[in-house]
Amino acid sequence: MKIRVLVVDDFPLVREGLIASLEVDPDIEVIGEAADGQAGLELARELRPDVVLVDMRMPGLGGPPMLARLREELPETRVLVVTASEKAETLLEAVAAGAAGYLTKRVSGRELRHAVITVHGGGSVITPALARHLLREYSHVSRGEPMSIRPLLAQREQEVLRLLAQGCTDREIGGKLYISPRTVQNHLTRIREKTGMRRRSELARWAVEHAMT
């Protein structure tokens with residue numbers, strides 16, 4: 001059986017390069033491609049790929065919230081991040097969101113194909129130059145020190161979402177946090193962009209699932 005792969009990246013030339021590199025291996029089949037996270041998520045729901053290749057920085061539904069949605073909705077699908085970012089923060093963010101692998105766009109076609117095969121088989125792949133960041137992070141945790149990774153939502157956004165999940169209206173949230181309803185709406189707009197959720201009921205459920213209530 002071929003490994004069925006979905007490629008999600010906002011640059012057409014990058015998608016073409018990734019697809020061409022993957023299709024060299026007869027055991028890998030690219031079943032779809034998308035230019036943004038929302039389209040990628042919809043295709044993943046429809047096609048049920050074995051592996052999704054995704055960039056971390058895309059317009060609309062970006063990498064972290066897309067990874068979180070894939071983990072929740074398609075737990076059997078493995079996600080391999082292929083991105084230009086070599087920052088430790090981005091790597092930790094991806095792993096926390098559910099990525100099975102993280103490669104920079106400096107990798108060769110052979111390395112990319114090997115990574116797809118590895119994550120499909122249940123393994124994990126991290127670009128060697130960045131692996132030390134992950135080891136350092138877990139070293140901190142093992143010593144009881146706080147993780148350095150930043151949460152998906154800022155502190156104020158968490159407060160707004162927590163109150164929304166408790167059933168508060170925008171006006172009530174504003175009253176409790178001493179901000180205007182318009183500011184509450186601005187925070188909710190950013191929360192929707194980060195989580196990929198649109199309805200208040202979806203946001204409330206997301207808050208409960210992420211232990212924010």
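What tally of residues in region 28-49 results from selecting those that are open to solvent by less than 40 Å² (accessible area, probe 1.4 Å) and of a type in the set (Asp, Glu)?
Number satisfying all stated conditions: 0.
Could you go through region 41-52 and let me know if any residue there is under 21 Å from Thr195 (Cα atoms), at pLDDT 95 or above and part of a strand (DSSP E or B).
yes
Find the residue count for region 56-111, including only residues that are among the basic types (Lys, Arg) and closer than 12 Å to Lys194 by Cα.
So the answer is 2.
Let's see how each residue does on (1) buried (at least 22 other Cβ atoms within 10 Å of the Cβ); (2) touching a residue at least 60 places away in the same chain (Cβ under 8 Å):
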residue: Val8; (1), (2): yes, no
residue: Pro26; (1), (2): no, no
residue: Val51; (1), (2): yes, yes
residue: Pro59; (1), (2): no, no
residue: Pro75; (1), (2): no, no
residue: Arg78; (1), (2): yes, no
residue: Glu93; (1), (2): yes, no
residue: Val107; (1), (2): no, no
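Could you list, in sequence order, all residues of region 63-115 that are of a type in the set (D, E, K, R) and outside any helix (DSSP H, G or I)?
In the first step, residues of region 63-115 are kept if they are of a type in the set (D, E, K, R); the result is 69, 71-73, 76, 78, 86-87, 89, 93, 105-106, 110-111, 113.
Correct list: Glu76, Arg78, Glu86, Lys87, Lys105, Arg106.
Find all pairs meeting these conditions: Cβ atoms under 7 angstrom apart; at least six residues apart or on different chains; first residue within region 192-205 and closer than 18 Å to Arg71 by Cα; second residue in a loop (DSSP other than H, G, I, E, B) and open to solvent by less than 60 Å² (accessible area, probe 1.4 Å).
Lys194/Leu152; Lys194/Leu153; Gly196/Leu61; Leu203/Met197
Only residues that are in a strand (DSSP E or B) and touching a Pro at 6+ places or on another chain (Cβ under 7 Å): list them for region 1-31, please.
Those that are in a strand (DSSP E or B) and touching a Pro at 6+ places or on another chain (Cβ under 7 Å): Arg4, Val5, Leu6, Ile31.
Any idea how many residues of region 28-46 are under 20 Å from Arg113 (Cβ atoms) and in contact (Cβ under 8 Å) with a residue 40 or more places away in the chain?
Of the residues in that region, 1 qualify.
Out of Ser142, Ser124, Ser108, report the one residue that is among the polar types (S, T, N, Q) and at pLDDT below 80.
Only one candidate qualifies: Ser142.
The values are calculated or read from the model by the stated rules, or taken from the named source; none is laboratory data. Computed from a predicted structure; not experimentally measured. We place every Cβ from the backbone using ideal geometry, glycine too, and count neighbours over all the protein chains shown. With ligands, DNA and RNA removed, areas are computed over all heavy atoms of the protein, side chains included. Shrake-Rupley method; radii C 1.70, N 1.55, O 1.52, S 1.80 Å.
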